[in-house]
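Peer 1: What follows is a structure written as structure tokens; I'll ask about it next.
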């Protein structure tokens, strides 16, 4: 290869390198700041291809997407001087990269520290105006809206736009939570005991009513049974009376035979009576009739 060819290749390589050093691209997710010998020069760059002077200009890029600052949970005092632990986060983005660089030096960590302090001051002020009940249940959304509006104003000169402020959770300190849980447990136990006592009272009432109904039913059944038995006895007595009226002698014999059957029901039965007793009247008549034959 000739010397001229070598020099040409070197020149082409140098030109290509200079061209590459003279160009830079800005992504849609980025913001760019151009410096001239270390001093801020321009920050109005749209996404696309741009040029700079090598060794004189340098470019620094920043995130243009929404970022999240998740602060550590902090303890705040409510209006009634009660402690609550609040965990919140901020959604923010760089709005004016020029102001952002001039006020924070382009340090996102420094911007996060300032945002964190602003939100802590805002939460402290808002919780100090409200009771615990208002802060926890009734006015949480209002607190977030107020703090978001306040932070927007406080950080506007930093070139930062606060997109949203959210409270993730509000808790009581551990020592307070234990006492609250104990009170809740005692209250639930009291309610359960009250419900059990009411249930026992209702059970006793139902049991007593069932016993009463059982007694009434048995009494009515006994009454009906006695009435039926009385009617049967009356009918039987009437039949016996009619039979006795038709043939007194036969009726007497029938009753005596029935009495004999019931008395001498077993071989082991023993009856001690006077032989002249009326009970043996038909035996005597039978013996007399046999002798007469």
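The values are calculated or read from the model by the stated rules, or taken from the named source; none is laboratory data. Not measured: the values here are computed from a predicted model. All Cβ positions, even for glycine, are placed from backbone atoms using ideal geometry, and neighbour counts span all protein chains on display.
Peer 1: Looking at the stretch 60-78 only, could you name the residues that are closer than 20 Å to residue 119 by Cα and either within 30 Å of the chain's Cα centre (by Cα) or without any contact (Cβ under 8 Å) to a residue 40 or more places away in the chain (or both)?
Peer 2: 68, 70, 71, 72, 73, 74, 75, 76, 77, 78, listed by residue number.
Peer 1: Test residue 97 against the criterion of being closer than 17 Å to residue 168 by Cβ, surrounded by 17 or more Cβ atoms within 10 Å (Cβ to Cβ) and either modelled with pLDDT of 85 or more or assigned by TED's automatic domain parsing to the domain that holds residue 150 (or both), and give yes or no.
Peer 2: No, not satisfied.
Peer 1: Of the conditions (1) assigned to a helix (DSSP H, G or I); (2) under 60 Å from the mean Cα position of the chain (by Cα), residue 163 satisfies every one except a single condition; which number is it?
Peer 2: (1)
Peer 1: For residue 178, which of the numbered conditions (1) loosely packed, with under 13 Cβ neighbours inside 10 Å; (2) in the same structural domain as residue 101 (by TED's automatic domain parsing); (3) modelled with pLDDT under 80 fails to hold?
Peer 2: Residue 178 satisfies all of (1) loosely packed, with under 13 Cβ neighbours inside 10 Å; (2) in the same structural domain as residue 101 (by TED's automatic domain parsing); (3) modelled with pLDDT under 80 except (2).
Peer 1: I need every pair where a residue in the stretch 179-195 that is assigned to a helix (DSSP H, G or I) has its Cβ under 8 Å from the Cβ of a residue that is surrounded by 10 or more Cβ atoms within 10 Å (Cβ to Cβ) and modelled with pLDDT under 90, sequence separation at least 6 or different chains.
Peer 2: 180/172
Peer 1: Hey, can you tell me all the residues within the stretch 115-135 that are surrounded by fewer than 16 Cβ atoms within 10 Å (Cβ to Cβ) and assigned to a helix (DSSP H, G or I)?
Peer 2: Within the stretch 115-135, 117, 121, 124, 125, 128, 133 qualify.
Peer 1: Among the residues of the stretch 49-59, is there at least one that is touching a residue at least 40 places away in the same chain (Cβ under 8 Å) and either in a loop (DSSP other than H, G, I, E, B) or over 35 Å from the mean Cα position of the chain (by Cα) (or both)?
Peer 2: Among the residues of the stretch 49-59, not one is touching a residue at least 40 places away in the same chain (Cβ under 8 Å) and either in a loop (DSSP other than H, G, I, E, B) or over 35 Å from the mean Cα position of the chain (by Cα) (or both), which makes the answer no.
Peer 1: Take residue 252 and tell me if it is surrounded by fewer than 10 Cβ atoms within 10 Å (Cβ to Cβ), touching a helix residue (DSSP H, G or I) at 6+ places or on another chain (Cβ under 9 Å) and at pLDDT below 85.
Peer 2: No, not satisfied.
Peer 1: Of all residues in the stretch 84-120 being out of contact with any strand residue (DSSP E or B) (no Cβ under 6 Å at 6 or more places or on another chain) and touching a residue at least 60 places away in the same chain (Cβ under 8 Å), which is farthest from residue 64 (Cα to Cα)?
Peer 2: It comes out as 102.
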